[in-house]
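A short worksheet on the structure shown next.
Coordinate-derived values only; no laboratory data. Worth saying up front: this structure is predicted, and the values here are computed from it rather than measured. Don't worry about glycine lacking a Cβ; one is built from the backbone with ideal geometry, like all the others, and counts go over all protein chains shown.
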Amino acid sequence: MPRGLDPKGPSVGGEPQGGLRQTLSRWLLKPPDPSAPARPATPAPANRSVEDLEDEARYADDKERMVGLIAAPIAAGIGFAVARYAHGTLTSKSEVLVVAVVLALGMLVFAWFRKRLFLGITMALYGLSVFTLGYWGFGVPFVLFAAWLLVRAYRIQRDLREATGTLPSGGKGGSGRTASARFAPDASKRYTPPGAPRKRKAG
């Protein structure tokens, strides 16, 4: 097979080299248990069961977790750099460093425990805090990744509500018309026929 068509990619010393994503996955993500059964591929959105949607809504996947684990040390490094080179008093620089380190630790914890929503909120707060300092170039990636996580969390919750038939108001039903019919007052089943008009006596 020609060298350019080798699916294993270039090799060094006779051994194929994995990509950057595979290397980071081996270092940051938990290796799979060989005794555990193979996890089936993610089904199409229309074929996902309620259990799959609940599990997906509760925990972030490997890609989202990797984003948080990589972003956390980068956020801490940006905080140290901004605190070192920013113009201001020593107190303001220490406050910037504390905020950056706290938010970076929050990203690390939420990514480690696969909390998608809280990870997105923490990354958004970090990006906005960097914006306020004037270093908007460092905050743009965090805001974009935060928006990506929050949109994914919203879509998964929407799919879960549609699968379970749960309405935003907390009721059950297939449509807003069904819900309005459930909460509409019942019509009275009693029927009183109108009485005959009274005849006036001739004087």
Neighbour-count ranking [beta-carbon atoms within 10 angstrom, fewest first] of 122, 91 | 91, 122
Given a Förster radius of 45 Å and the C-beta distance between residue 157 and residue 101 as r, what FRET efficiency does 1/(1 + (r/R0)^6) yield to the nearest 0.05?
-> 0.90
For 92, 129, 49, what's the fewest-to-most ordering of other Cβ within 10 Å of each Cβ?
-> 49, 92, 129
Relative exposure of 126, 85, 154, judged by other C-beta atoms within 10 Å (fewest first) | 85, 154, 126
Take the Cβ-Cβ distance between residue 62 and residue 86 as r, set R0 to 30 Å, and report the resulting FRET efficiency rounded to the nearest 0.05.
-> 0.25
